[in-house]
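Here is the structure we will look at, set down as structure tokens.
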């Protein structure tokens, strides 16, 4: 025992063949702490120079870019009573499939033969309109006949007027001739009287000349009477002409009045026909609205009415339809501080709720289970939650979004910014500096850069 104690431990350890001594004593073993420290320092320095993609995060919901692809309410256009359901909640329907049958609740539409009776009224009014049209046509023909008769009558009177005018001129000439004869007879009788007083002629000759003067006087009176009678007849013809004009004018005016009255009645009938046709179309359309059909293909959800016999008012919601052909998009709500860092066309990475993912925010290429998107629209007005709404659609150059997405599901968006080093990112966060802002290069910018490089 003393032998082992007096010997040096190092030599005893070397001579001892027991492995337990070598495992307990570490006198000859060298330390590796320095190597680990240097190795860690080198690794940290290398990591500082690794690339890091700056990003901002935002939470959003799955929606669709187009309004007609969003869940829509199917409303009742007319009021009615539920007669029969053709679908139930959860069913998938195609465009035009019947959803519900309604029954009438308004008294004025109870008549089952309402369309037929309205059609009969239309036919009756159309026949009445045709009768008025024929009456107007007859009145028009009557007006034409009266005008033609007036022209013929006036032509006859004009001929008589010309004849009478010639007769008046002839009587006037006869009167002038008789007056000349009377003047000659007057001179002769005056001369005969003077000669009788002088005894040149006998009383018999004087009496003969006196008879000639009296005959001439009688002829003048007769010619005057004939001339005055001719003028009177001419005046009578002119009065007759005016009477004919007045008579025919009265008759033509009455015929035209009948024509206009018939046309007015026809216009009223046409208006009633148009009104009845409008009512017929409304009745026909209302009959078609008794069957409510799907406006587009999709799934039936949220039926507001149940059972048979319930009353629906105009505009009441019947069911909600979720379209099956949807172009999905994500609406992100971004903080106002991050708003200037986003622009149209910028790339976004998504982690959808329900789809597992491994995310390295600084190395998006190394992430698993994320999906790409592009910023499509940025709203200029703030939302009710105090954030700005951003719409993001699927990136066609990236892998497709899952087909099992549903509207209303959650999504975490990671907006990719500028690529910097890890050291710079740490320095930025320590100093509280904002991320680097950049504009995504458009096709025009890339083309200009290529041209400048050439």
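The values are calculated or read from the model by the stated rules, or taken from the named source; none is laboratory data. Predicted model, so just to flag it, every value in this text is computed and none were measured. All Cβ positions, glycine included, derive from the backbone under ideal geometry; neighbour counts span all protein chains shown.
The table for this structure:
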{"read-out": "Of residues in segment 284-318 being outside any loop (DSSP other than H, G, I, E, B) and out of contact with any strand residue (DSSP E or B) (no Cβ under 8 Å at 6 or more places or on another chain), the one nearest to residue 407 (Cα to Cα)", "value": "288"}
{"read-out": "Answer residue from segment 368-379, given it is under 18 Å from residue 60 (Cβ atoms) and modelled with pLDDT under 85 and is surrounded by the fewest Cβ atoms within 10 Å (Cβ to Cβ) among those", "value": "369"}
{"read-out": "Matching option when the condition is within 28 Å of residue 145 (Cα to Cα), surrounded by 12 or more Cβ atoms within 10 Å (Cβ to Cβ) and without any contact (Cβ under 8 Å) to a residue 24 or more places away in the chain, among 258, 247, 205, 265", "value": "247"}
{"read-out": "Residue 416 vs. criteria modelled with pLDDT of 85 or more, outside any loop (DSSP other than H, G, I, E, B) and assigned by TED's automatic domain parsing to the domain that holds residue 57", "value": "no"}
{"read-out": "Only listed residue being out of contact with any strand residue (DSSP E or B) (no Cβ under 8 Å at 6 or more places or on another chain) and exposed (fewer than 12 other Cβ atoms within 10 Å of the Cβ), chosen from 230, 198", "value": "198"}
{"read-out": "Selection count where residues are surrounded by 15 or more Cβ atoms within 10 Å (Cβ to Cβ) and more than 30 Å from residue 280 (Cβ to Cβ), scope segment 109-146", "value": "5"}
{"read-out": "Residue within segment 165-184 that is over 18 Å from residue 227 (Cβ atoms), at pLDDT 80 or above and more than 60 Å from the chain's Cα centre (by Cα) present", "value": "yes"}
{"read-out": "Matching residues, segment 319-334, being part of a strand (DSSP E or B) and within 30 Å of residue 59 (Cβ to Cβ)", "value": "320, 321, 322, 323, 328, 329, 330, 331, 332, 333, 334"}
{"read-out": "Of the criteria (1) within 30 Å of the chain's Cα centre (by Cα); (2) not assigned by TED's automatic domain parsing to the domain that holds residue 278, which one residue 84 fails", "value": "(1)"}
